[in-house]
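Written out below as structure tokens is the structure these notes cover.
The values are calculated or read from the model by the stated rules, or taken from the named source; none is laboratory data. Quick caveat, the model's predicted, so the values are computed rather than measured. Every residue, glycine among them, receives a Cβ derived from its backbone with ideal geometry; neighbour counts consider all protein chains shown. Heavy atoms of the whole protein, side chains included, go into the accessibility calculation; ligands, DNA and RNA do not. Shrake-Rupley method; radii C 1.70, N 1.55, O 1.52, S 1.80 Å.
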Amino acid sequence: AAAGLSYVGGYVINTYKSYDNFLQDKYALLPAVIIICVAVVMFIIGLIGCCATFRESRVGLGLFLAIILVIFIAEVSAFVLGFVYREKVKTDVQGTMHSVFEKYDGKNPESTVVDY
């Protein structure tokens, strides 16, 4: 799960680099950064959970459960933020795309993004 989340977060950030001239709001990457942070923490917690299971520690397994619940809450929060702000991102992208298309001359950096 952590590898899958890391891939999704990295893919979003990599895709963002191609279209950064269209997106003026740098907070558009916030959900992707949250997903990557959660993936790293999830990997570490997964290792801790494996060690607690291997040692059959009730305290370790209880701590593992509590941490997994916190991670789940963080994932739900990232989903809700993405869902709530999707229209804001859409309008921002449309506005900046319109201005970039108006300034298109084939020479400036914004023109290379349009060509791409």
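Can you match Rg/Rh (Cα atoms, Kirkwood Rh) to one of these, [x] 1.19; [y] 1.79; [z] 0.94, based on a calculation from the structure here?
[x]
Hey, what did the chain get for relative contact order, percent, Cα under 8 Å, at least 6 apart?
Details: 79 pairs, mean separation 35.5, N = 116.
Answer for the chain is 31 percent.
Find how much the distance from Tyr85 to Tyr11 grows on full extension, using 0.36 nm per residue of separation minus their present alpha carbon separation; answer in nm with one decimal. It would help to have the intermediate numbers written out before the result.
Working: separation 74, 0.36 × 74 = 26.64 nm, distance 1.94 nm.
That pair, Tyr85 and Tyr11, stretches by 24.7 nm at full extension.
Tell me the carbon and sulfur percent of the accessible area for region 59-115, rounded to whole percent, probe radius 1.4 Å.
Using a 1.4 Å probe with all protein chains present, region 59-115 comes out at 72 percent carbon and sulfur.
What is the packing order of peptides 40-53, 77-90, taking the mean over residues of other C-beta atoms within 10 Å and listing the highest first?
So the order, starting with the most tightly packed, is 40-53, 77-90.
Find how much the distance from Asp105 to Ala74 grows on full extension, using 0.36 nm per residue of separation minus their present alpha carbon separation; answer in nm with one decimal.
Once the chain is fully extended between Asp105 and Ala74, it gains 6.8 nm.
Enter the accessible area per residue of region 59-115 (Å², integer; probe 1.4 Å; all protein chains in place).
On a per-residue basis, 74 Å².
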